[in-house]
Amino acid sequence: MMKNKNNSSVFVIANLSTNHEDNVETAKEMIEKACKCGADFVYMELDESTCAFSNADIEHFHAIAKENDGNFTTKSLVGSIRHILPIKRFKESDGESSDNDDQQPADRGSPKVDQLQADGYDRRPRGNDGSGVDLLAKLQEEYPKHQLQFWDFQEKITCLPEIVVAIGIKAISCKFTLDDKRPGFDHGVSICARDFKSMVTNIKTVEAALGTGMKEVLSPSELPCFKKLFKSVVAAQNLERGSILKAEDMKIKVSVMQSMSGFYFPVVIGRELLSEVDEDDPIFASDFDGLKHYSQYMSYANNTPKKSSTSMGVDVELFLGRRLNMKSPCYIIAEIGQNHQGDMMMAKKLIKLAKKCGADCVKFQKTCIEEKFTMLALHRPYDSKNSFGATYGEHKQFLEFTDEQFKELKKYAVKKVGIHFTASAMDPVSLDFLLSLKVPFVKIGSGESGNLPLLEKAAKAKVPLVISTGMQTLTDIRITYHTVSRHHNNFALLHCVSAYPTPADEANLNMIKTLRKNFPDILVGYSGHEVGSCITAASVALGAKIVERHITLDRNMKGSDHICSLDPSQFAKLVRDIRYIEQNLDI
């Protein structure tokens with residue numbers, strides 16, 4: 001069975017159109033470059049009555065393609081490749097029932113799309129050499145269970161060819177040129193070699209990023225972050241053996257020694273402590289008699305909200321400074337985080353640039369150092385290349401703005417720049433401050449999404465919440481969801497992988513579909529830490545209505561987040577791509 005050269009399931013077709021200008025040498029160069037740029041097929045549609053190329057030329061074209069690990073074809077695809085617009089009409093058909101029906105809002109419907117079927121088209125090889133590649137038959141052979149979906153792209157390079165892979169397009173045809181500045185209509189809507197190669201790379205990246213849509217264990221790349229920022233249940237005061245634990249006896253903090261996660265917090269309330277624990281020290285499962293996994297004590301851990309007659313969040317709305325629903329433009333958050341290096345001028349510059357790039361909101365991180373970390377964690381030596389202090393506490397304190405500085409930044413962002421301003425609440429004290437600052441919503445980062453006391457406090461405040469789900473399994477996410485939804489549904493969940501940067505093959509973008517299916521009464525988004533922007537853009541095609549990416553002045557700056565951030569030009573491109581995707585895919 002024929003396999004494509006990219007070792008993926010998507011075929012990329014370079015259509016030479018009329019860009020060869022009937023010149024043999026130009027055609028040869030185009031075929032060679034297209035194959036080297038990653039094209040699986042190079043297509044040239046010839047009119048037998050006016051063909052400028054001899055049979056010998058055609059044979060040579062086939063040889064050049066083969067030498068460069070590609071295929072050359074002169075098969076006519078007119079009427080075979082269909083432009084599928086809008087993509088709301090796309091529905092994968094593999095002969096089996098599909099969950100895609102569950103992913104579509106009720107008012108969108110699912111009319112049958114233009115689908116490629118090989119039957120009924122001319123299968124005769126062009127010319128007399130008999131060496132023509134039957135493109136349609138080969139692709140049908142590769143996908144015998146599918147009615148193939150094609151995207152015939154006839155515009156200058158944009159993000160669309162690489163993004164439609166996320167929704168199941170199996171073959172992409174684009175016009176190819178050596179020089180898109182040459183006169184003539186086809187050159188102007190064709191892709192030059194450099195951009196074609198970049199497109200193929202991004203297609204492979206997005207395809208690798210789709211994943212299984214399941215998460216029963218942590219992603220391997222998340223483990224370093226888990227070990228560094230995992231929050232444990234610790235003693236809020238000295239506790240004696242035999243104590244019956246109350247909520248005020250415990251806190252959730254980053255500890256040098258990991259113990260029980262924050263999900264155990266409500267489980268151990270009312271239980272007898274079998275050993276004494278000093279203040280700030282972690283409390284372990286072994287400190288209790290027969291303690292089992294937290295999910296066994298939480299009746300709502302495996303419950304899924306029932307879908308309404310208007311499933312998949314059609315009627316769901318969330319106000320994050322502007323009204324957001326399934327029909328509104330994606331809400332784009334520029335996370336400055338701590339990329340400001342502790343410098344107010346740099347922070348203001350990033351705010352201004354985020355607005356210029358088209359972001360809806362800038363987000364920082366607010367931490368009360370003593371509330372988030374144990375004393376041992378703060379005093380441990382920190383000799384990382386990204387360190388701003390001799391100890392981890394000094395490092396964090398260097399990067400932390402004061403309350404007054406936060407007030408100044410919010411005023412600058414809202415009053416002068418005209419962009420929404422918020423921050424991640426890293427602890428209960430910081431949450432109280434952000435509530436007093438009257439931010440439009442509070443972000444709960446992945447490190448805090450298992451902090452049930454913080455989630456309860458935030459939910460009871462009735463403030464809109466955006467919650468990342470990095471370092472959480474689907475079971476954990478269900479607990480997070482139910483902890484908040486018992487108080488209100490004015491929140492969103494963001495699929496996230498807590499790895500800096502996230503490898504493409506661990507991004508698992510299909511978790512967005514899983515979250516939408518499991519939690520149809522809230523909006524779902526994506527918080528990305530990968531290098532580049534194509535995976536984040538693809539998340540929008542899968543239903544992400546909130547997107548969050550770090551922004552930086554320079555990806556080479558000191559700090560662990562810069563490498564997975566976007567510089568201003570990259571961030572502006574991401575915003576343009578998202579808006580283009582929304583317009584052209586009708587989402």
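Could you say which residue among Gln405, Gln397, Gln365, Gln338 is more than 30 Å from Lys227 (Cα to Cα) and either outside the structural domain of Glu448 (by TED's automatic domain parsing) or polar (S, T, N, Q) (or both)?
Gln405
For region 494-539, name all the residues that are over 15 Å from Ile467 (Cβ atoms) and of a type in the set (Phe, Trp, Tyr).
Once the filter is applied, which keeps residues that are over 15 Å from Ile467 (Cβ atoms) and of a type in the set (Phe, Trp, Tyr), region 494-539 yields only Tyr500.
Considering only region 506-517, I want to know if a residue exists there that is part of a loop (DSSP other than H, G, I, E, B), farther than 18 Å from Ala537 by Cβ and not assigned by TED's automatic domain parsing to the domain that holds Val164.
No - not one qualifying residue is present in region 506-517.
Search region 338-354 for residues being part of a helix (DSSP H, G or I) and in contact with a strand residue (DSSP E or B) (Cβ under 8 Å, 6 or more places away or on another chain), and hand back the single one that is nearest to Ser387 (Cα to Cα). It would help to see each step written out before you state the result.
Quick first cut of region 338-354, residues part of a helix (DSSP H, G or I) only: 344-354.
After this cut, where a residue has to be in contact with a strand residue (DSSP E or B) (Cβ under 8 Å, 6 or more places away or on another chain) as well, the list is 347, 350-351, 353-354.
On the way: Ala347: 19, Leu350: 21, Ile351: 24, Leu353: 26, Ala354: 26 Å.
Applying the filter and picking the extreme gives Ala347.
When Val165 is evaluated against the numbered criteria (1) in contact with a strand residue (DSSP E or B) (Cβ under 9 Å, 6 or more places away or on another chain); (2) without any contact (Cβ under 8 Å) to a residue 24 or more places away in the chain, which criterion, by number, is the only one it fails?
Checking Val165 against (1) in contact with a strand residue (DSSP E or B) (Cβ under 9 Å, 6 or more places away or on another chain); (2) without any contact (Cβ under 8 Å) to a residue 24 or more places away in the chain, the one that fails is (2).
Name the single residue, out of those in region 277-300 being surrounded by 18 or more Cβ atoms within 10 Å (Cβ to Cβ) and under 16 Å from Asp476 (Cβ atoms), that is modelled with the highest pLDDT.
Tyr294
Are there helices (runs of 4 or more DSSP H) fully within region 358-468 with at least 1 residues that are touching a Phe, Trp or Tyr at 6+ places or on another chain (Cβ under 6 Å) and touching a residue at least 40 places away in the same chain (Cβ under 8 Å)? List them.
392-399, 452-460
For Lys327, state whether it is within 26 Å of Val547 (Cβ to Cβ) and in contact with a Ser or Thr (Cβ under 6 Å, 6 or more places away or on another chain).
Judged against the criteria, Lys327 is not a match.
Consider Gly358 carefully, then state whether it is more than 16 Å from Tyr412 (Cβ to Cβ) and in the same structural domain as Gly525 (by TED's automatic domain parsing). Walk me through how you get there before you give the answer.
Details: more than 16 Å from Tyr412 (Cβ to Cβ): yes; in the same structural domain as Gly525 (by TED's automatic domain parsing): yes.
So Gly358 fits the description; yes.
Take Lys204 and tell me if it is touching a Cys at 6+ places or on another chain (Cβ under 8 Å), buried (at least 16 other Cβ atoms within 10 Å of the Cβ), assigned to a helix (DSSP H, G or I) and not assigned by TED's automatic domain parsing to the domain that holds Gly447.
Here the answer is no, as Lys204 does not meet what is asked.
Of all residues in region 154-194, count the ones that are closer than 30 Å to Gly543 by Cβ, of a type in the set (A, V, I, L, M) and assigned to a loop (DSSP other than H, G, I, E, B).
Residues that pass the stated criteria total 3.
Would you please name the residue that is farthest from the chain's Cα centre (by Cα), looking only at residues in region 418-448 that are of a type in the set (Ser, Thr, Tyr) and surrounded by 22 or more Cβ atoms within 10 Å (Cβ to Cβ)?
Initial filter on region 418-448 (of a type in the set (Ser, Thr, Tyr)): 422, 424, 430, 436, 446.
Adding the requirement that they be surrounded by 22 or more Cβ atoms within 10 Å (Cβ to Cβ) leaves 422, 424, 430, 446.
Details: Thr422: 21, Ser424: 19, Ser430: 27, Ser446: 14 Å.
If we take residues in region 418-448 being of a type in the set (Ser, Thr, Tyr) and surrounded by 22 or more Cβ atoms within 10 Å (Cβ to Cβ), then Ser430 is farthest from the chain's Cα centre (by Cα).
Can you tell me which residue within region 486-501, out of those that are part of a loop (DSSP other than H, G, I, E, B) and of a type in the set (A, V, I, L, M, F, W, C), is surrounded by the most Cβ atoms within 10 Å (Cβ to Cβ)?
Initially, region 486-501 is screened for residues part of a loop (DSSP other than H, G, I, E, B), giving 486-490, 497-501.
This time we only want the ones that are of a type in the set (A, V, I, L, M, F, W, C), so: 497, 499.
Working: Val497: 31, Ala499: 23.
Among them, the one singled out is Val497.
Considering only residues that are buried (at least 22 other Cβ atoms within 10 Å of the Cβ), in contact with a helix residue (DSSP H, G or I) (Cβ under 8 Å, 6 or more places away or on another chain) and part of a loop (DSSP other than H, G, I, E, B), which ones fall in region 544-556?
At the first step, the residues of region 544-556 found to be buried (at least 22 other Cβ atoms within 10 Å of the Cβ) are 544-552.
Of the ones still in play, those that are also in contact with a helix residue (DSSP H, G or I) (Cβ under 8 Å, 6 or more places away or on another chain) are 544, 547, 549-552.
Matches in region 544-556: Ala544, Thr552.
The values are calculated or read from the model by the stated rules, or taken from the named source; none is laboratory data. Predicted, not measured: the structure shown is a model, and the values here were computed from it. Cβ atoms come from the backbone with ideal geometry, glycine included; neighbour counts cover every protein chain shown.
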